[in-house]
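Below is one structure, written out as structure tokens, with a few remarks after it.
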Amino acid sequence: ELEKVADRYKYLADFVAANLEPNPHLKLSHDTLALLKETNEYLRTFYKLFYKFDASLAKRYNDERYLLIEKMDKVISKCSKRCKNKGSEKSAKDAVTAVNDVVIICYLKEIVQLIYEMHNPYYSMVL
């Protein structure tokens, strides 16, 4: 499963390299960057659990998944509203940024789910 997580991070990096690096005027939203950071922290939580099981950390790990997915869904909803704005060149760039945000958040949702699924074999070993 860990290899699948690494593959998704690679696909995410490939998307960023292909779509954002050639267009420096396109940026990710602060919400998307925060979700990326939280996803990385979620992986770090699994890492901590793997090397030292702690029941309270395991509960937080389980709860955190739902909170992260909920946050991601809210940001996607905000992005869809940004995509509907029409008019100026600025709103067109914002719409492209919103689409990039949605694609990246979809990668992040998949990563979070894969990280979460790693707990089943792990719990089988330690419990």
Distance (nanometres) between label positions extended 7 Å along Cα→Cβ at residue 63 and residue 48: 1.4 nm
Helical contribution to [θ] at 222 nm, DSSP H n ≥ 4, -39,500 (n - 2.57), averaged over the chain, rounded to 500: -29500 deg cm²/dmol
Identified option (computed semi-axes √(5λ) of the Cα gyration tensor in Å; candidates (1) 33, 15, 10; (2) 32, 17, 14; (3) 20, 17, 14): (1)
Solvent-accessible area per residue, Å², over the chain with all protein chains present [probe radius 1.4 Å]: 62 Å²
Hydrodynamic radius by Kirkwood, which averages 1/r over all alpha carbon pairs of segment 1-54, in angstrom: 13.0 Å
Sites residue 55 and residue 113 - FRET efficiency at Förster radius 35 Å, r taken between beta-carbons, to 0.05: 0.95
Accessible-area composition of segment 14-63, carbon plus sulfur, in percent [1.4 Å probe]: 57 percent
Lysines with Cα under 26 Å of residue 93, excluding same-chain neighbours fewer than 8 positions away: 10, 27, 37, 71, 74, 78, 81, 84, 109
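The values are calculated or read from the model by the stated rules, or taken from the named source; none is laboratory data. Remember, it's a predicted structure, so these values are computed and weren't measured experimentally. Here Cβ is always computed from backbone atoms with ideal geometry, including for glycine, and neighbour counts include all displayed protein chains. Ligands, DNA and RNA are stripped out before the accessible areas are found, and what is left, the full protein with its side chains, is counted by its heavy atoms. Shrake-Rupley method; radii C 1.70, N 1.55, O 1.52, S 1.80 Å.
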